[in-house]
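First comes the structure, then the notes that go with it.
The values are calculated or read from the model by the stated rules, or taken from the named source; none is laboratory data. Quick caveat: nothing in here was measured; it's all calculated off a predicted structure. Because the Cβ atoms are built from the backbone with ideal geometry, glycine has one as well, and the counts that use them run over all protein chains shown. Accessible surface areas use protein heavy atoms only, side chains included; no ligands, DNA or RNA. Shrake-Rupley method; radii C 1.70, N 1.55, O 1.52, S 1.80 Å.
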Amino acid sequence: MTDARVAVVTGAAQGLGRAVADRLVQGGFRVCYVDVNAEKLDAIEHGAHAMTAVADVSDPQAVAEVVEAVLSRWGKIEVLVNNAGIRYETPLEAISLEEWNRVLAVNLTGTFLFSQAVLPQMRRQRWGRIIIMSSYGGQAGPLTSGAHYCASKAGQLALMKVLARMSAQDGVTVNAVAPAAIHTPEMDRIDPEKLARMVASIPVGRVGEPEEVAELVWFLASEAAGYITGATFDINGGLLMR
Ligand SMILES: NC(=O)c1ccc[n+]([C@@H]2O[C@H](COP(=O)([O-])OP(=O)(O)OC[C@H]3O[C@@H](n4cnc5c(N)ncnc54)[C@H](O)[C@@H]3O)[C@@H](O)[C@H]2O)c1
């Protein structure tokens, strides 16, 4: 078993997940980068401090295999960052049941499956951190995202509270991070006019950087954050003040 802390980050091939996983490695963690995109994962240079696993977070078998692979390599899992997510801007009337189900399956069911798979291990260790990448969309409704995305992100916040309450006595904290507009490859898909309007409404006057979100996750994963659980951390440039 390694002495270093061990983390699993989903959706880690690019964007926020990649920044979070890299930050944890930089901080001395052993990190398993999980993603459905094998090609992008392959491009990640990883030494002894990292491993990669191709898996779809909505597939229970694939999730179980990742957890097993990490435990057999490093003997424990202390941090889980449920970051994998998909987002569509489809207007309500045009959302097919198939698209609705897929968004819920990846964003919400994936978070449930991975959390369910690591919790027994974290409780045995009596130390764990689960961090869920939710969204402003799950708090305040859409900036540009569809109803399915917003509903999945709101669902994550309720799930986070259930997990936090049930694990609080076991040394396991569960928290959510709610970004609004962060500069990732996903953002490049937003119509530039829509994006400009969005940026104009952000009090700090710019979009956020993935490294800024990674720094918050880094703190929540640390020893110092042991008294924080069941909380949602806004990181949105002041877009939502509450
Ligand atoms: N970028 C933002 O402004 C923003 C704002 C709010 C919330 N978020 C949330 O942050 C998370 C990351 O967003 P991002 O902007 O980095 O997105 P992104 O699309 O750049 O990266 C998402 C990653 O998740 C992976 N992924 C998708 N489906 C998967 C699956 N089924 N199994 C495993 N991996 C899968 C993708 O391959 C990709 O590498 C998402 O949950 C998103 O909802 C992002």
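Listing for the model above:
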quantity: Restricting the range 1-84 to GluC sites (Glu not before Pro) in coil, as DSSP defines it, with at most 16 other Cβ within 10 Å; calculated: Glu45
quantity: P(r), alpha carbons of the range 122-188 - 5 Å bins starting at zero, rounded %; calculated: 4, 17, 23, 19, 14, 11, 8, 4, 0
quantity: Gyration tensor verdict on the range 32-104 (Cα atoms; rounded if a/c is under 1.5, prolate if a/b is larger than b/c, oblate otherwise); calculated: prolate
quantity: Computed [θ] at 222 nm, helices only, for the chain once each DSSP H run of length n ≥ 4 contributes -39500 (n - 2.57); calculated: -12500 deg cm²/dmol
quantity: Rg(Cα)/(2.2 N^0.38 Å) for the chain, N = residue count; calculated: 0.96
quantity: Ranked order, Trp218, Trp74, Trp127 - accessible area, probe 1.4 Å, largest first; calculated: Trp218, Trp127, Trp74
quantity: Nonlocal amide H pairs with Val174, under 5 Å, H built at 1.01 Å; calculated: Ile130, Gly230
quantity: Burial order of peptide ranges 22-33, 179-190, 105-116 (average beta-carbon count within 10 Å, highest first); calculated: 105-116, 22-33, 179-190
quantity: Spin-label proximity, Ser222 to the range 1-34 - amide N less than 12 Å from point 7 Å beyond Cα toward beta carbon; calculated: 27
quantity: The range 194-242 and the range 20-94: distance between their alpha carbon centers, rounded to Å; calculated: 21 Å
quantity: FRET efficiency for Glu65 and Leu240, using Cβ-Cβ distance with R0 set to 41 Å, rounded to 0.05; calculated: 0.65
quantity: Under 27 Å from Lys40, Cα to Cα: lysines that are on another chain or at least 8 residues apart; calculated: Lys76, Lys153
quantity: Between 0 and 90°, nearest 10: helix 210-220 axis offset from the chain longest Cα axis; calculated: 50 degrees
